[in-house]
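Below is one structure, written out as structure tokens, with a few remarks after it.
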Amino acid sequence: MGVLYFFVYLMIMANVYGILSLSLNFQAGVGGMSNFGHVAFFCIGAYTSTLLVMLCHVHFLVGILGAFIASGLFAFLISIPTRRLKADYWAITTLGAGEIVRLFFLNESWISTGHYSGGPFGIRGIPRPWESIIPGNIYPFFYLFLTLLFLGLTYFILQRLINGPFGRVLKAIREDDDLPLSLGKNIHEFRVKTMVIGGAFAGIAGGLLVHYTTYVDPFFFMPMETFIVWAMIMVGGIGNNRGALIGTLIIQLLYYSTRFLKDYLPIEAQLLASLRMISIGILIVVVMLFLQEGLVKEKKRLY
Amino acid sequence: MLVVEDVHKSFGAIKALDGVSLSVEQGTIAGLIGPNGSGKTTLFNIISGFYEKDAGNIRLNGKSIDGLDPFRIARMGLVRTFQVAKAPAKLTILENLLLAAKNQMGEKVLDNFLKPREIFRKEKENLNKALDIAEIIKLKRFKNEYAGNLSGGQKKLLSLGRVLMANPDIFLLDEPTAGVNPVLTLELVDVIVDIRKNLNKTFLIIEHDMNVIWHLCDLVNVLVAGSNLTKGRPEEIQKDERVLEAYLSGSKST
Amino acid sequence: MVLLEIKSIYSGYGDMEILHGVSMELHHDEIVTIIGPNASGKSTLLKTIMGYLIPTKGKIRFNGADVTHLRPDEKARVGIGYVPQLENVFPPLTVTESLDMGAYTMPRHGLKERIEEIFDLFPVLRVKRKEKASALSGGQRQMLAMAQALMTGPNLLLLDEPSAGLAPNTRIDVFKKIQEIHHMGSAIIIVEQDAYQSLRISNRCYILVMGQKEHEAPADRILEDERIKKAYLGG
Amino acid sequence: MLFQQIVINALIRASELGLLAIGLTVTYDILKFANFAHVEFACIGAFLAYTMNVTLGMNIILAGLVAILVVGVLSIFIDRLVFIRLRGASSIALMVTSLGLGIALRNGVRAIWGARIKGYAIGLQNPVELIGVRITPVQIFIILTSVISMVIIHLILKRTKLGKAMRATSANPALAQACGIHTERIVRWVWFMGASLAALGGIMIGLDTHLTPRMGFSVMIPVFAISILGGLGNPYGAMVGALILGLTENIGLYTDLGKILTLNGLIGNLTGLYIPTGYKLAISFIIMIVVLLWRPSGIMGKRER
Amino acid sequence: SGAIQAKEPVKIGAIIPITGTSEVEGQDMSRGLQIALDEINTAGGVLGRSLEVIVEDTETRPKSGLDAVHKLIDINKVPVILGGYFSSVSLPTGNYSNSQGVVQLTWSTSPALRKVGPFFFGICGTDELMAANTVKFAIEDARAKRFGIIVDNSAYGLGVLEFSKREIKKAGGEIVAEVKYEREKADYRPELQRVFAQKPEVVVGTLIGKDARTIFKQAYELGLKPQSGWYLSWISLATAPSIPETVEGVKGLIGRLKGKAANRFNEMYQEKYGAPPQTVWGHYIYDAVWLTALAINFANSPEPKAIKDALFKVAPVYRGVSGGGDKTFNADGMQKYEVYQRMVCKNGKLVIYQK
Ligand SMILES: Nc1ncnc2c1ncn2[C@@H]1O[C@H](COP(=O)(O)OP(=O)(O)OP(=O)(O)O)[C@@H](O)[C@H]1O
Ligand SMILES: Nc1ncnc2c1ncn2[C@@H]1O[C@H](COP(=O)(O)OP(=O)(O)OP(=O)(O)O)[C@@H](O)[C@H]1O
Ligand SMILES: [Mg+2]
Ligand SMILES: [Mg+2]
């Protein structure tokens, strides 16, 4: 039974990170916007939903909707001034924006739900949706189903956009501004829309995460999280959604399986932990070496 | 249809355009020739909104298009090609062509979910058109090939294919046949003539291949060192001493 | 004397084979033109000769030595110059810097004179010597690309559509110049679409179709052959 | 505190981070990707120097030089092992690869040297006072070293054949080959240069503060900010960026905004309005974003078109 | 099968920041854990079986910490989990272990920990006590009126900040500077400028590990010194890795580590690892392991519920090496007493402070 619960936990996390990968893939893989501050949307979504549910006592679904809107809005705000930047400049600027968001929630401790809360104290006791009517032992299964539902929704919406004319314009913008401009495409508008859509879905992921952990604080949103999501979409194969999901699973597996491997190695914990991180690093490198375009190549749209 | 009046542009100390004027009538094919570096491409960049001009006036269908973004000008019915062919490497030939179609509902986010059926129908229509164009530019065989893998001449052909697909009111073509093999060039010349005749479209073409210019153009503008040298029908231009000296004959004029 | 000898090479990109056993040779005092429809593999052939693509089968000999597997920079050092069809300049470098780069393998003394000679050949470049290559017009870039390759006075010069984008008068000049260069001792291979002028200064011509050598003949013979003219040169 | 002191403090910080940023920017120029493992070279260099200096008892300068060389060679080795197989890959693929590599290297250092913090055997530095500014001999050494290294880099880039070949390779690698430049060799030199500059920077940080396996990772973000600020691919820009970052951080936290807002008491009386120190990291980012809005490719970045 | 089971070790779990931001502290924890385990198993283990600890790395990341407890609870089915040093890790992990009825003993000090639940125990006094005592120390010792405060920007640091401020205000003091610093940076000169800009008489607060080393060194180099000295909470955190000259005369509090047990621990540590402990966290995990072992034996069962109840019983009689030694829990499962010791740094050593 325990193994099953662990598996369910894994899958819940995989779904949450899956939504993150899909949304990043939409921005970065399809739209070519190398967003290195994706964790900012994750963070804003998490806090928005938390505060709405805990302070305004709205329903979980309204909280998630709020997360969706707030993260989208933030994406809109940062993409307006930065939309003219070139890819690498953009990457570092977004990395900075992500850190600023984290610093904001770290330093502004008035954003809280009571005593000893907010800032680095974090916020505790975030309610789980429908917890009162679902028995504890099947709750994880229920939450798994819930996250799967949101993952499916994200997949459906993004996939439809990617496969249609919208995605085609994005792929053109990814490489060069002038050509789409000459064909009458408002590239800035497309960029902003892409950021907003991707950001909004990442916000959902944030909401889903914290309503499960029932706790949130700024240390959930260090830059490393963005890097991990990047590794997920690269390993799976950037530019296509199936790849992003497979990559999510693989990186998650890397992180977990190395935990189990070590149970069978008679090495000192200190060294072991180093070795575990080394092997995660090396595995990412190896996957990139042998599968340069990821496990699943970007699908050519055939007609 | 397109009127350019006294346009100036300099890059630092270099005067690329020094008072250029020209006009293109609806339904005609105008040529733009001149020695290398005479400012032809710069003029295209200014008309299509990619560069800002220093002075002058440009009107499209009587409306001023000063300071508009390139994409707005394109939406007003003026589409240009680039001298150095652009071919998004990770889009297939067909995707490249489909990209160019105008007024695509599917580019609106919400319509994708509100009107999926209409979008599907429109896509199908565009697809058929794209296949026809691929046939014309001899790329049908490569329709699912990435544009980045095309040969130099094919990239040029693809550029032409895209404007055909975009089907604007006025085409600005920057050396459309440079690098295209001569046999195919002749076919393309016929295609352009057909479009003009059947659809009453307007063209402004830069070309160094005089065969194309003589065959196609109703009116040829000659640019030298950023200003108009002369303009006239091909027969006249062919005989114009000044043009011969500055552009056509092989003396050390540049 | 045979300068370049290509023996039945097969070459392409990744799994895609483009050249299916092409053979040709070039004497040290020759200009050869290669024509063919778009995508027939002309540029691919030049890239293979220069070493950007390694043939899967076949041999390339230069000056009697096997150079099949030499890298492009090694080829440049043994005296092969190359002007690519696309992306043939250094956009952020000025004209003078680019020419300097063209002479990378040469000793620095005499560089100034050499650059002056090149400027005599392409006077436009002298005017533009302080401009970045990215600020040049299409035709000026083409000239710069040629000029760069000429800096070393290579034994063999590979030109991929040198006249594309050049004004008619410049084009005539450029072919004259190619002839001059030839007289100074370089053998030259020219790939051209609009091949009339090129053929006029060439000794021989190869026609490449679908990655195979379709025809080979002295240049003047091609210009007389109505069938070939109709099929490849547009009448 | 004296204003000169603040400038000197900024200068020390700029010297350390500047070395790292120049290395990053030089490699970026040729390899065309932001190398997330770059800062780990700093860490490895600092630790190698530690082993030679403290464990083997070598003179610190000698130890530093050897460490720098070893790190340079190590980077070439890594290039041969990993990045050579990814030459045609997208810059993002390279970035993620370097990310993985960075994790491995960082934890490799941890596995070898342990997590305990370490310092060089240079004793405690007693500051000297010059024109009212307190500075330690090591800090003077740091500033001098970095100025000298920057001059050397400048000379290499501007005066040598290598610098010339680097410019060509950066602009158009295929054409550079046609000019007879062995671009692979250039790539190796660039790795060497970038990594040894990073190692030098790491040793400087180690001299000024201490060594930990995360010393590289913890300066990664400012180093990136500096390279972007100055314009990617431009070493001079990186120097300027480092100075700007050092100055804004130091002056930004020191300045009483209240005094500025009220024009030193002219209108109203508002003092003690400081930027909260928790936002120190944000200062550099906000400066960076403001600069990019003004110049989208950095202060001295290459402009296209 | 009973005989075989009897030989199987009793397994408990530990989550430790072995890598990541807090890896230095994590190292001491791993070592303290090992020392306790060796002692317990030499002494006969628990329930006649040997005691084994499955150590998981939290990477100092909340998400990774959560992964770790899920694994420990769902797969390894441990009855007890030790750790979650960083309160961003202890809080969410505590929520889960508590919901699963698994005992967790943490040495985080955030006051927020109180509310986690009945299965959650704190074996280190919370910040309010420590901060209040530190301020009191400064006032009594230096008659200070003008205070500068510097803390690290974490739940722990902010706890210290909040309670120090409260205490200073209560005593009628003035706060002239209030600085939070981010961990793991190489340059704290701007922060130091801010602390000393208004010339505070004393500086209170808390500095941690490698950052403390940098901060003291840079303060020394810049010649910045509070007129009447530094008074720090958990001073050993700040002085352990620092350069002796730079921390000469720095005063502060630690959980009292004196006494036979603590001395023995320090000796064992020195002997085993060739250096003294850098932080106090090895002491705390040592006590946590011992308390767990005693509770299991007392309950005569490895069941979490029994262990939970037994913990309340064994703690008052156990003499630990950390925090004064008395590990008695109050009703919340937090420490009832925490005895602090006033210390001063002399010649690189922390010695008991005498006026
Ligand atoms: N971005 C630029 N910066 C500086 N100068 C420029 C720039 N673009 C063009 N020029 C200069 O302006 C002049 C006109 O260039 P343009 O490209 O318009 O010529 P063109 O007539 O198209 O020539 P070609 O037939 O060779 O393509 C040239 O001298 C060129 O060097
Ligand atoms: N980088 C590449 N990757 C994959 N395929 C390529 C690449 N470059 C060219 N090809 C393919 O190789 C074939 C031959 O191309 P090549 O460039 O040699 O033609 P070409 O004869 O020079 O044509 P053109 O006259 O149009 O320049 C074409 O089918 C093209 O699609
Ligand atoms: Mg032009
Ligand atoms: Mg070609």
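Nothing in this text is a laboratory measurement; each read-out follows from the coordinates by a stated rule. None of these values were measured; they are calculated from a predicted model. Ideal geometry is used to build each Cβ from the backbone, glycine not excepted, and the neighbour counts take in all protein chains shown.
Things to note:
- DSSP-loop trypsin sites (Lys or Arg not before Pro) across segment B:37-109, with at most 12 other Cβ within 10 angstrom: none
- Pairwise Cα distances in chain C exceed 26 Å for 36 percent of all pairs.
- Computed Rg/Rh of segment E:1-62, alpha carbon atoms with Kirkwood Rh: 1.11
- With contributions of -39500 (n - 2.57) from each DSSP H run of at least four residues, the per-residue ellipticity at 222 nm computed over the protein assembly as shown stands at -16500 deg cm²/dmol.
- Dimensionless Rg/Rh of chain B - Kirkwood Rh, Rg from C-alpha atoms: 0.99
- On Cα atoms only, tilt of B:116-136 relative to the major axis of chain B in degrees: 50
- Projection of the Cα convex hull of segment D:3-215, averaged over all directions and equal to a quarter of that hull's surface, yields 12.8 nm².
- Modelled label positions at B:Gln238 and C:His183, each set 7 Å beyond Cα in the direction of Cβ, lie 3.2 nm from each other.
- Anchor C:Lys59: aspartates and glutamates whose Cα lies under 17 Å away (excluding residues fewer than 8 positions away in-chain): C:Glu5, C:Glu17, C:Glu25, C:Glu74
- Long hydrophobic helices in chain A, taken as whole DSSP H segments with a C-alpha length of 24 Å or more on their own axis and mean Kyte-Doolittle hydropathy at least 0.0: A:2-24, A:60-82, A:87-107, A:139-163, A:187-213, A:241-263, A:269-290.
- Taking only the Cα atoms of segment D:79-199, the ratio Rg/Rh comes out at 1.10, with Rh defined as the Kirkwood radius.
- Rounded to the nearest 10 degrees, the angle from helix E:281-299 to the longest Cα principal axis of chain E is 30 degrees.
- Span-like helix criteria (full DSSP H runs; alpha carbon extent of at least 18 Å along the helix axis; mean Kyte-Doolittle hydropathy of at least 0.5) are satisfied in chain D by D:3-31, D:38-50, D:60-81, D:91-113, D:137-159, D:183-208, D:235-254, D:280-294.
- Note on B:Asp69 and A:Val58: the model spin-label points, each 7 Å out from Cα along the C-beta direction, lie 3.1 nm apart.
- Mean Kyte hydropathy of -0.5 or more with a Cα span along the axis of at least 18 Å, helices from DSSP in chain C: C:138-150
- Rh (Kirkwood; distinct C-alpha pairs) - segment E:80-189, Å: 15.3
- Over 18 Å (Cα to Cα) - which of A:Lys86/E:Lys185; E:Lys11/E:Lys71; A:Lys299/B:Lys122; B:Lys108/B:Lys156; D:Lys118/E:Lys210; E:Lys145/E:Lys225 fall in this group: A:Lys86/E:Lys185; A:Lys299/B:Lys122; B:Lys108/B:Lys156
- Computed from the Cβ-Cβ distance with R0 of 56 Å, the FRET efficiency linking A:Phe260 to C:Asp220 stands at 0.10.
- Enclosing the Cα atoms of segment C:13-65 in their convex hull gives a volume equal to 91 cubic angstrom per residue.
- Computed from the alpha carbon positions, the gyration tensor of segment D:186-305 leads to an equivalent ellipsoid with semi-axes of 33, 20, 10 Å, biggest first.
- Between A:Leu253 and C:Ala65, the C-beta separation translates, for a Förster distance of 51 Å, into a calculated FRET efficiency of about 0.45.
- As a size descriptor, the averaged projected area of the C-alpha convex hull of segment E:103-161 was calculated at 4.6 nm².
- Put simply, the C-alpha atoms of segment A:50-133 give a gyration tensor, and the ellipsoid matching it has half-axes of 30, 17, 9 Å, longest first.
- Evaluated over the Cα positions of segment C:28-98, the convex hull gives a direction-averaged projected area, one quarter of its surface, of 6.5 nm².
- Chain E: angle of helix E:23-42 to the longest principal axis, Cα-based, in degrees nearest 10: 40
- Scaled to the globular estimate 2.2 N^0.38 Å, the Cα spread of segment C:100-180, given as radius of gyration, is 1.06.
- Cβ-derived FRET efficiency at R0 51 Å, C:Ile54 paired with D:Asn59, nearest 0.05: 0.55
- Diffusion constant of chain A at 25 °C, which comes from Stokes-Einstein with the Kirkwood Cα-pair radius and 0.890 mPa s, µm²/s: 123
- Residues of type lysines that C:Lys57 reaches as a straight line, Cα spacing below 27 Å, ignoring anything fewer than 8 places off in the same chain: C:Lys7, C:Lys42, C:Lys47, C:Lys75, C:Lys213
- Stokes-Einstein diffusion for chain E, with the hydrodynamic radius set to the Kirkwood value over Cα pairs and evaluated at 25 °C in a medium of 0.890 mPa s, equals 119 µm²/s.
- Segment A:1-143: Cα Rg divided by the 2.2 N^0.38 Å rule of thumb: 1.19
- When you count the other C-beta atoms within 10 angstrom of each residue and take the mean per peptide, D:85-92, D:18-25 line up highest first as D:18-25, D:85-92.
- The ellipsoid equivalent to the alpha-carbon distribution of the protein assembly as shown has semi-axes of 66, 34, 31 angstrom, derived from the gyration tensor eigenvalues as √(5λ) and listed largest first.
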